[in-house]
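All remarks here apply to the structure that follows.
The values are calculated or read from the model by the stated rules, or taken from the named source; none is laboratory data. Keep in mind that what you see is a predicted model, and the values were worked out from it rather than measured. When we count neighbours, we look across all protein chains shown, and the Cβ atoms used for this are built from the backbone with ideal geometry, even at glycine. Remember, those area values only see protein heavy atoms, side chains included, never the ligands or the DNA or RNA. Shrake-Rupley method; radii C 1.70, N 1.55, O 1.52, S 1.80 Å.
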Amino acid sequence: METKYKAFKSKRKFGVEFELSNDLDLATLHSALVKASPDKTVYQHNSWAQTDNNNDYWHIKRDSTCGPDGKTKQIEKYGYEIASYVGKGVTDILHMGKVAEKMKKKGAVINKHCGIHIHASADGLTADQVGIIMAYWVKIERTMFQSCPPSRRKNKYCRSLRRRVPVRTKLTPMEFWEKIRPNNLNTHENADKKVSVNTVGFAGSQQGMYGVKNTIELRMPEASLDKADVVNWIRLYLNFIETTKKAEMPLSRQVANVKDTLQILGLQGVQNFFILSTGLYETKLWFLNRIIQHSNMPALVKEAKKIVKDISRL
């Protein structure tokens, strides 16, 4: 068996959106973010519909979905969304984790209505490649949901994609993309965006729409301002895209177990044994422990515990 060293090398651009409750006012959030990321400009907007693309700054806006009571029409009960600048590489991943942690120390609060959204740039990806990426996502989606709290599994803002494509139907990458791609390409108030992985931006870019974010957005994770969660979610998602973008179409879209999910995420070898870098090892262990903590499926928990035990011996 060949042994390979594997490190996180993705240079794919990304951005993160942190949803927060309304315990702090807009001015206080702005001040705290300026102090947390002093090398970047911070803008604040009163409009929930504000959208910024390809920016090199942070911006804060109101969000009607993540206040303490959830979705509301009462502006005073809105929560907030903090959207990052466009980042790339390990340095920016670590910085965004540190910013989240500093915001928490300044009094920023999350609730069960909040999530983290990670936009990965789709620049350079073809429709065939996105079809393959999404085919692998559908295969691991159940296990990914099992690594999240129950509040995310039947959440109307990150619905499952699995039922959109028949499991037993053999499809080419383009056929898969045609079946799973969103029909509604509107920027706001669009139900097609509110799924575990949102491809509205990529689909709009493919049609030459002006001003869209050419991204593939992970919407599954629950909100967190813990550095480890922020860093590992970004690293895990980008590593998944880099692992699957050049892969062959999966032979089967049957639900993946924990081991197969790790392989698809690029955190475990298939025929080769991987020695993971410190960062990827941290992400693998973090992900397995999330399954142990959150899953309501005993078989997955048992499998995750066994893998943790085995890798801890190495």
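What do you get for trypsin sites (Lys or Arg not before Pro) in the range 164-198 restricted to DSSP loop and a cutoff of at most 12 other Cβ within 10 Å of the site's Cβ?
On the way: sites: Arg164, Arg168, Lys170, Lys179, Lys193, Lys194; in loops: Arg168, Lys170, Lys194.
Answer by residue number: Arg168, Lys170.
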Taking a straight Cα-to-Cα line shorter than 19 Å from Lys179, and setting aside same-chain aspartates and glutamates fewer than 8 residues away, one finds Asp128, Glu141, Asp192, Glu217, Glu248
For the range 195-282, the percent of accessible surface on carbon and sulfur atoms (probe 1.4 angstrom, ligands and nucleic acids excluded) is 50 percent
Rounded to the nearest 10, the angle in degrees between the Cα long axis of helix 278-294 and the longest principal axis of the Cα atoms of the chain comes to 80 degrees
Taking a crude spin-label model, label points 7 Å out from Cα along the C-beta direction, the Glu178 to Glu76 distance in nm is 5.4 nm
For the range 8-115, the convex hull over Cα atoms projects on average to an area in nm² of 6.7 nm²
Taking Cα atoms only, helix 26-36 is inclined relative to the longest principal axis of the chain by an angle, in degrees rounded to 10, of 60 degrees
Longest principal axis of the chain (C-alpha) makes with the long axis of helix 127-146 (C-alpha) an angle, in degrees to the nearest 10, of 90 degrees
Among (1) 6, 27, 36, 24, 7, 1, 0; (2) 5, 21, 30, 24, 11, 4, 3, 2, 0, 0; (3) 6, 27, 32, 22, 10, 3, 0, the entry matching P(r) over Cα pairs in 10 Å bins from 0, in percent as calculated here is (1)
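Give me the percent relative contact order of the range 203-299, please, defined on Cα pairs under 8 angstrom at least 6 residues apart.
Taking the mean separation of contacting Cα pairs over the length of the range 203-299, I get 22 percent.
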Relative contact order of the chain (C-alpha contacts under 8 Å, at least 6 apart) in percent is 23 percent
If one builds a Gaussian network model of the chain from Cα atoms under 10 Å apart, the most fluctuating residue listed among Pro182, Pro298, Pro221 is Pro298
Placing +1 on each Lys and Arg Cβ and -1 on each Asp and Glu Cβ in the range 1-112, then taking the dipole about the Cα centre, the residue among Gly89, His30, Gly107 whose Cα reaches farthest towards the positive end is Gly89
Reduced to Cα centres, the span from the range 177-214 to the range 1-36 in Å works out to 23 Å
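Using the Cα gyration tensor of the range 221-303, with a ≥ b ≥ c the square roots of its eigenvalues, what is the shape: rounded (a/c below 1.5), prolate (a/b larger than b/c) or oblate (neither)?
Numbers: a/c = 1.58, a/b = 1.19, b/c = 1.33.
Judged from the Cα gyration tensor, the range 221-303 comes out oblate (a/c at least 1.5, b/c at or above a/b).
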Under a Gaussian network model of the chain whose springs join Cα atoms within less than 10 Å, the largest fluctuation of Glu81, Glu189, Glu222 belongs to Glu189
Per DSSP, the loop-located trypsin sites (Lys or Arg not before Pro) within the range 257-314 having at most 16 other beta carbons within 10 Å are Arg313
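Percent of accessible area on the range 45-168 owned by carbon and sulfur, 1.4 Å probe? It would help to have the intermediate numbers written out before the result.
Values: 2820 of 5620 Å².
Its accessible area is 50 percent carbon and sulfur atoms.
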Quick tally, 1.4 Å probe accessible area for Phe274, Phe145, sorted with the most first, runs Phe274, Phe145
Note to self: with every protein chain in place and a 1.4 Å probe, the chain gives an accessible area per residue in Å² of 48 Å²
Candidate cut points under chymotrypsin sites (Phe, Trp or Tyr not before Pro) in the range 176-264, DSSP loop plus at most 10 other Cβ atoms within 10 Å of their own Cβ, are Tyr210
